[in-house]
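To start, the structure itself, in C-alpha cells.
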Amino acid sequence: MKSILATLAAFAALVHPVAAHYQFSQLIVNNTVTDNMLYVRQNTNINSPVTDVTSVDLRCNVGGLASGATTSTATVVAGSTVGFHVGYGGNIGHPGPLLVYMAKAPSTAASFDGSGQVWFKIHQVGADFSSGSLAWPTSGLDQVTFSIPAAVPSGEYLLRVEHIALHGASTANGSQHYISCANIKVVGGGSGSPTPLVALPG
Ligand SMILES: *[C@@H]1O[C@H](CO)[C@@H](O)[C@H](O)[C@H]1NC(C)=O
Ligand SMILES: *[C@@H]1O[C@H](CO)[C@@H](O)[C@H](O)[C@H]1NC(C)=O
Ligand SMILES: [Cu+2]
C-alpha cells in the first residue's frame, strides 16, 4: 500500500509539471463549478499549452478529439451564464487574450470532432489600455464566465475556451494556447444563424 501511494505521489508530481501553466478543467453551469473533466474533454498534455497553430490539437487540445465519447454532456439553457474554471489550484498565469467559441455538432457533441467551417466566437477578453498602459484583464483569474447567446439554436455543441499566452510570442511558434472543449446541449434556444463561421485550425 505504501509503495502504491508513493508511486501515485510521484505520478501526481509528474503530471503537474509546470506551476505557471493552467488547465480549464471545470465547466461552470447553473452557478456551479462542476467536477474536473466531467463535461470538459480530457487532454493528454495535462496543463501544457498547444504551440503548433497548424495542428488539429488547436481545436480541443492534445487528445481532446479522442476523449469526447468518455465526457458527459451538460444541458445548458440558452441565454444563461456559463464559464470555465481553472482546476487543480491554478490560475491564468500568463498575459494574453481569451476567446470562447462554439461549434454545432451534426449529431452529438460527444461524437463531434469539430472539423469543418463550423466555429463561431461568442466571447472575448482582449487587452485593456484604460490605465494608460497595457493590461490583460484575465491575468491571475481562476475562472471566466460569459453567456450562451439566447439566439443560439437548440442542439448539441462543442464549447471551446482558448487563452493565448503571449509572454513567449516574440519568437516563432512562441505563443501558448491553453485550450479546453466542453460537450454541451443547448435547450430553449433561438433561431439565430451565427456568423462568421471559421475552421480550426484555419
Ligand atoms: C441547468 O439547469 C437546467 C434548468 O433547470 C437543467 O435543465 C440542466 O440540467 C442543468 N444543467 C446542469 C449541468 O446541471
Ligand atoms: C513553427 O511551426 C510550424 C508549423 O508546425 C513549422 O513548420 C515551423 O518550422 C515552426 N517554426 C519554428 C521556428 O519552429
Ligand atoms: Cu506556463
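Extent of region 49-146 along each principal axis, from alpha carbon coordinates, in Å, largest to smallest?
Extents along the principal axes: 47, 33, 30 Å.
Treating the Cα atoms of region 17-84 as identical point scatterers in vacuum, please give the log10 of the normalised Debye intensity I(q)/I(0) at q = 0.14, 0.15, 0.25, 0.28 Å⁻¹, two decimals.
-0.47, -0.54, -1.13, -1.23
Counting each pair of different Cα atoms once, what's the Kirkwood radius of region 91-155 in Å, rounded to one decimal?
14.2 Å is the Kirkwood radius here.
By per-residue mean of other Cβ atoms within 10 Å, what is the highest-first order of 38-50, 87-99?
Descending packing order for the listed peptides: 38-50, 87-99.
Along the three principal axes, how long is the chain when you take its alpha carbons, biggest first, rounded to the nearest angstrom?
Ordered largest first, the chain gives principal extents of 56, 50, 33 Å.
Search the structure for amide H atoms under 5 Å from the amide H of Thr75, placed 1.01 Å from N in the peptide plane, and list their residues when 5 or more places away or on another chain.
Excluding prolines and chain starts, which carry no amide H, the hits are Lys185.
What does the net charge come to around Ala78 if you take all other residues with beta carbon closer than 15 Å to its beta carbon, with K and R at +1 and D and E at -1? Could the numbers behind the result be given before it?
On the way: positive: Lys104, Lys185; negative: Glu156.
In short, +1.
Over region 56-202, what relative contact order in percent results from Cα pairs under 8 Å that are six or more residues apart?
Across region 56-202, relative contact order equals 36 percent.
For Ser107, what is the net charge nearby, where nearby means another residue's Cβ is under 14 Å from its Cβ and Lys, Arg count +1, Asp, Glu -1?
Net of charged neighbours comes to 0.
Given Cβ point charges of +1 (Lys, Arg) and -1 (Asp, Glu) and nothing else, what value in debye, to the nearest 20, does the dipole of the chain about its Cα centre take?
Magnitude of the dipole: close to 200 debye.
Which length gain, in nm to one decimal place, applies between Ala66 and Asn36 when the Cα-Cα distance is subtracted from 0.36 nm times their residue separation?
9.1 nm
Tally Lys/Arg at +1 and Asp/Glu at -1 over every other residue whose Cβ is under 9 Å from the Cβ of Cys181; what's the total?
Residues close to Cys181 contribute a combined charge of +3.
Could you give the dipole magnitude of region 108-202 about its Cα centre, charging the beta-carbon of Lys and Arg +1 and that of Asp and Glu -1, in debye to the nearest 20?
The dipole of region 108-202 has a size of about 120 debye.
A short reminder: the numbers here are calculations on the coordinates, not readings from a lab. No experiment lies behind these values; they were computed from the predicted model shown. So basically every Cβ, Gly included, is an ideal-geometry build from the backbone, and we count neighbours across all protein chains shown.
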